[in-house]
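Right, one structure below, let's go through it.
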Amino acid sequence: MIDTHSHIDTEAFNEDRADVLDRAWSSGLEAIVIPSIEPSAFGFLQELVQSDERLFRGAGIHPHNVAQCNENDMRIVEEELSKTRVVAVGEIGLDYYYDFAPRDVQQRFFRAQLNIAKNAGLPVIVHNREADEDILRILQEEQNGSLRGVLHCFSSGLEVLHRTMDLGFHVSFTGNVTFKKSTLDEVVRQVPADRFMIETDAPYISPVPHRGKRNEPSFVSFTAEKIAVLRSISLDEVRFMTTTTARKFFGILSVILLCTLSLVHLRAADDEDDDLVNPYKKKVGIGLILTTNTIVEGQTDSGSTKTNSFSYPGVSSYGAMLSYELSDRFMLEGSYIYTNNKTVLRDINVNPFGQQHSNIHQTVELVGRYLWNPYSRVVFYLSAGPTLIMNHYDGGDGVRDDSLTQGRTDVVYGHSTTIIGLAGGLGLFANIKTKYGFIVPGGEWRVDFFLSNEDRLLYRGASSAPIKSNISTMFSLPRFTLQFYPKF
């Protein structure tokens, strides 16, 4: 999971910040995004995120703090965006509940920071308290097709949700969805699966059962659990969907990859200085891949805001790989995976309305591996890189027997697509030296997620005509690899 909004840089955590972070990582969090509040806190926040590669930050000025703002403060915000680990402009917005700053001043600096974000190509983290109409009006006026953002701690109704979706924005839910008097149940049910994230807003808005106490990032799981109940899906699906969305929204995987490459370069220089000798030095390896592919889809029909989640677990897949060792700590890997998803088929002797052909998925990946301990027999690594995903649904030819369409439910209308995605994973391998070279067995959990959604035609209910549906997809691939590096 990713806590997409947590103020752990504030004084509420001064006494035990390290322990709070330890609990966060132990609870399963892979990243935390910390929004900025005011320029005076930018320095400490930057030091904090540089202390741990799992921490990211925003740069912006909160509506509570804009009363004393001037144009120089806007230049400071712009300068902050060039610093490492800055993934958003925010927290910015309007607060008509406290009104710590005049409303016209809040609106002026909200617009200014929206334009800074557009120029920088970064998303915005928006604070909205009792200011629905002005928030939506300003976002509509400033939306030129490049403005991306999230209304954090979303607390408004369905109308505001739908207007937010129309603007191309996301929403984020916090502990308030767990409250007994929450009015957000239907909002949580109707928000599209790929358009919401989860957060704590720590140290505020603690979820049940910790309400009334200081909030902290590890508590984000209680929000995820409540969303799972409201949407009638598993907790794993909520974790999967929200983590995927947060990675794409904030570009977190790309940032991790860039930081990894920097670490590789610095460590390689250190290794040369230390004159270390790698006892497991390899060059080119070839191998086989055996894996199971869990395919998770969110389907939103045209004209609807409701997203249905589907999962095809444990589809057997196989492939081949080629690896090249660039340095002691950095490798390139190319791989091909073939998945034949027969779980979508139905026995036509039992149900003549079943899908006629299986779905075929082929992925071609080119990833970089960063090796944490290259001088050990068992090596742990992080992998990330682009992937090309070729999908053939129900034969892929678009030809149907119309006599079989009556009564179909959730049947894919045959066609093919090619999608660009990102792959990332964590794994390990063992070096077994022989007189002919190295035998290298390994295991990895890898995730491929599509960078764009697909439009597919699906048969629903008794309709003989297909319905257009927008599909978001992710592959989860725990895999076993066996490679051979010949001795040259």
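The values are calculated or read from the model by the stated rules, or taken from the named source; none is laboratory data. Small disclaimer: the values here were computed from a predicted structure and weren't measured. Positions of Cβ are backbone-derived with ideal geometry, glycine not excepted, and every protein chain shown enters the neighbour counts. All accessible areas refer to the heavy atoms of the entire protein, side chains included, with ligands and DNA or RNA removed. Shrake-Rupley method; radii C 1.70, N 1.55, O 1.52, S 1.80 Å.
The figures follow:
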read-out	value
Translational diffusion of the chain, µm² s⁻¹ [Kirkwood Rh, Cα pairs; Stokes-Einstein; 37 °C; 0.692 mPa s]	134 µm²/s
Charge dipole of the range 1-59 about the Cα centre (unit charges at C-beta), most positive-ward option of Asn14, Phe42, Ile2	Ile2
With DNA, RNA and ligands ignored, accessible area of Ser146 (1.4 Å probe; Å², nearest 10)	60 Å²
Relative contact order, percent, the range 47-170 [alpha-carbon distance under 8 Å, six or more residues apart]	23 percent
Residue-span extension gain [Ser311 to His210] - 0.36 nm each, minus C-alpha spacing	33.2 nm
Burial ranking of peptide ranges 301-313, 22-34 (average Cβ count within 10 Å, highest at the top)	22-34, 301-313
Accessible area (Å², 1.4 Å probe, nearest 10) - Lys282	20 Å²
FRET efficiency for Glu78 and His162, using Cβ-Cβ distance with R0 set to 25 Å, rounded to 0.05	0.15
Relative contact order (%) - criterion: Cα under 8 Å, at least six apart; region: the chain	10 percent
Length added when fully stretched, Lys283-Tyr338, from 0.36 nm per residue minus Cα-Cα	17.2 nm
Met390-Asp236 FRET efficiency (beta carbon distance; Förster radius 25 Å; 0.05 resolution)	0.40
Sites Phe380 and Arg54 - FRET efficiency at Förster radius 25 Å, r taken between beta-carbons, to 0.05	0.95
Debye, to nearest 20: dipole size of the chain, +1 on Lys, Arg Cβ, -1 on Asp, Glu Cβ	1500 debye
Label point distance in nm, Val229-Phe488, each placed 7 Å from Cα along Cα→Cβ	5.9 nm
Gain on full stretching of the segment that runs from Tyr97 to Ile439 - 0.36 nm per residue minus C-alpha separation	116.6 nm
Charge dipole (debye, nearest 20) of the range 205-253; +1 at Cβ of Lys and Arg, -1 at Cβ of Asp and Glu	160 debye
